[in-house]
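A.B. asks: Please read through the structure below; I'll follow up with questions.
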Amino acid sequence: MIREFYSKYPFAVKDGIAQAFAIDFLVYKHPEPPTRWTELTDIKDEWMRVMILSQAIATSNKDQARVGMRRDPGGYSYWLKNRSPAFLQKRLKEMKSMDLIISSPIIPSISSFPHGSWSIHLSFTLLKPYISRDDTDFYIIDNPVKKEWVFKVPYIAPSQWKGALRSTMVKELIAKLSDGQVDKDRIAKEFDKERLRLWRLFGNEKDGTSEFLSRSLARYLMGEIPEDEQGKQDWEKNFIFKTKEVEKDFEKRIKGECYRKGDIEGFQGSLHFYPTYFDRMGLEVINPHDREGGAGMNPIYFECVPAITRDKDGKEVHTGGTFTLLYVPIVGPEVSEEGAKKDLEAVARGIGAMMTHYGFGAKTSSGFGVAKVEPDKANVEPLDFKQAWLDGWKTEG
């Protein structure tokens, strides 16, 4: 159906003049379509106009379609600045009217879930733009932000939140080794305890996480690498053996505590994440400079959720979002209420580190995806779990 749409409105095969005028019309910069392409008036939906504009990436007018001319801003960046706020507000309103977005809190009463369950619902404010990778294969920008598939609203999918928080808590666990926060005499026991908690919270270790954690612990237990050549070779052989020993011991503990039975590998974990929707989009530009000339000639555009925009009056508007998490201990061995609170403390530390230090989304190593959170204002259910949340957050701080 997409191919039929593009064939009906073939931007790429029009002449250069028609394309230039079509760009201004498609982004609402000019009220009239090109005289030689009046069929564009049939397009009533704004996103359909963006889809047509995307064909410009195959033409010589690609840069104009993205950001306009040097002294005459236009193209997609013009649409993002002048039209996208109203467009996104409209789409979010439609989603709410269809009960696809429910006001806070967006989960049923915690009393509906098994004993020991808890939920977190908090608001955050972006301090740096949020960047992610969409799964669309044809778009006017090479690096589009991830959007909801139907309504085209920028969002963070539950799987993205899960991956970001898991990654953060794994990094924090490894940091304990490098910082020497755990006594070496009981390092294996304490490390396995926290590793088992990650298994209980997030499910199976994926994407090389199992090997990474086993090697990290083995590396710590092995100590420093000898400087002499023979010592290095012996150390490497023992390191391989120690890694396999760590893997075998952890696998034995998983089965011993009934997290895995037989050959069944599937284990989802106790944490369930909800999507986060945003009401703003913008552009970030990275312009690599030539070492000899010192000038950037090929800017790279990243669609993003900006941290700060300006309204019609020129006032700064900070972009906010919500994060919602549900914990239901219905897998593996039974978790006591005290154990559930300990899990909440660990998750609170992880959320704090993810939001305020590591960031979430793409290019976090460059500072993107960092946010501000007021933990005292978080909605935690049941209420007597709130202190566990605050204790965990303070520990992270």
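The values are calculated or read from the model by the stated rules, or taken from the named source; none is laboratory data. Because the structure is predicted, anything quoted here is derived from the model rather than measured. Reconstructed Cβ throughout: ideal geometry from the backbone, glycine too, with neighbour counts over all protein chains shown.
A.B. asks: Would you check if there is a residue in the stretch 124-147 being touching a residue at least 60 places away in the same chain (Cβ under 8 Å), among the acidic types (D, E) and crowded, with 17+ Cβ neighbours inside 10 Å?
C.D. replies: Checked the stretch 124-147: no residue is touching a residue at least 60 places away in the same chain (Cβ under 8 Å), among the acidic types (D, E) and crowded, with 17+ Cβ neighbours inside 10 Å.
A.B. asks: Does the stretch 21-41 hold any residues that are acidic (D, E), loosely packed, with under 15 Cβ neighbours inside 10 Å and either closer than 19 Å to S77 by Cβ or in contact with a Lys or Arg (Cβ under 9 Å, 6 or more places away or on another chain) (or both), and which are they?
C.D. replies: Result: E39, single match.
A.B. asks: Would you point out the residue of the stretch 260-274, among those that are modelled with pLDDT of 85 or more and not small (G, A, S), that is farthest from R197 (Cα to Cα)?
C.D. replies: The selected residue is Y274.
A.B. asks: Restricting to the stretch 373-388, count the residues that are more than 11 Å from H121 (Cα to Cα), crowded, with 16+ Cβ neighbours inside 10 Å and under 22 Å from the mean Cα position of the chain (by Cα).
C.D. replies: 1
A.B. asks: For D99, all conditions in the list (1) under 30 Å from D313 (Cβ atoms); (2) without any contact (Cβ under 8 Å) to a residue 40 or more places away in the chain; (3) out of contact with any helix residue (DSSP H, G or I) (no Cβ under 6 Å at 6 or more places or on another chain) hold save one; what is the number of the exception?
C.D. replies: Answer for D99: the failing condition is (1).
A.B. asks: Examine the stretch 133-152 for a residue that is in the same structural domain as E284 (by TED's automatic domain parsing) and either assigned to a helix (DSSP H, G or I) or within 11 Å of F360 (Cβ to Cβ) (or both), and state whether such a residue exists.
C.D. replies: no
A.B. asks: Now, a different point. Could you tell me whether any residue of the stretch 112-128 is in a helix (DSSP H, G or I) and modelled with pLDDT under 95?
C.D. replies: Yes, some residue in the stretch 112-128 is in a helix (DSSP H, G or I) and modelled with pLDDT under 95.
A.B. asks: Restricting to the stretch 191-245, count the residues that are without any contact (Cβ under 8 Å) to a residue 60 or more places away in the chain, surrounded by fewer than 19 Cβ atoms within 10 Å (Cβ to Cβ) and not in a helix (DSSP H, G or I).
C.D. replies: The number of residues fulfilling the criteria is 9.
A.B. asks: Quick check on the stretch 57-105: of everything there that is among the acidic types (D, E) and closer than 15 Å to D24 by Cα, which residue is surrounded by the most Cβ atoms within 10 Å (Cβ to Cβ)?
C.D. replies: Out of the qualifying residues, it is D63.
A.B. asks: If you don't mind, another one. So which of K162, K193, K152, K206 ends up being under 22 Å from M355 (Cβ atoms) and of a type in the set (K, R)? Can you show your working first?
C.D. replies: On the way: K193 fails: under 22 Å from M355 (Cβ atoms); K152 fails: under 22 Å from M355 (Cβ atoms); K206 fails: under 22 Å from M355 (Cβ atoms).
Just one listed residue meets the conditions, K162.
A.B. asks: Now a separate question. Among the numbered criteria (1) modelled with pLDDT under 90; (2) surrounded by 13 or more Cβ atoms within 10 Å (Cβ to Cβ); (3) not hydrophobic (A, V, I, L, M, F, W, C), which single criterion is violated by G282?
C.D. replies: G282 satisfies every listed condition except (1).
A.B. asks: Within the stretch 298-345, take every residue that is more than 23 Å from L127 (Cβ to Cβ), touching a Lys or Arg at 6+ places or on another chain (Cβ under 8 Å) and among the hydrophobic types (A, V, I, L, M, F, W, C) and give me the one that is modelled with the lowest pLDDT.
C.D. replies: If we take residues in the stretch 298-345 being more than 23 Å from L127 (Cβ to Cβ), touching a Lys or Arg at 6+ places or on another chain (Cβ under 8 Å) and among the hydrophobic types (A, V, I, L, M, F, W, C), then V331 is modelled with the lowest pLDDT.
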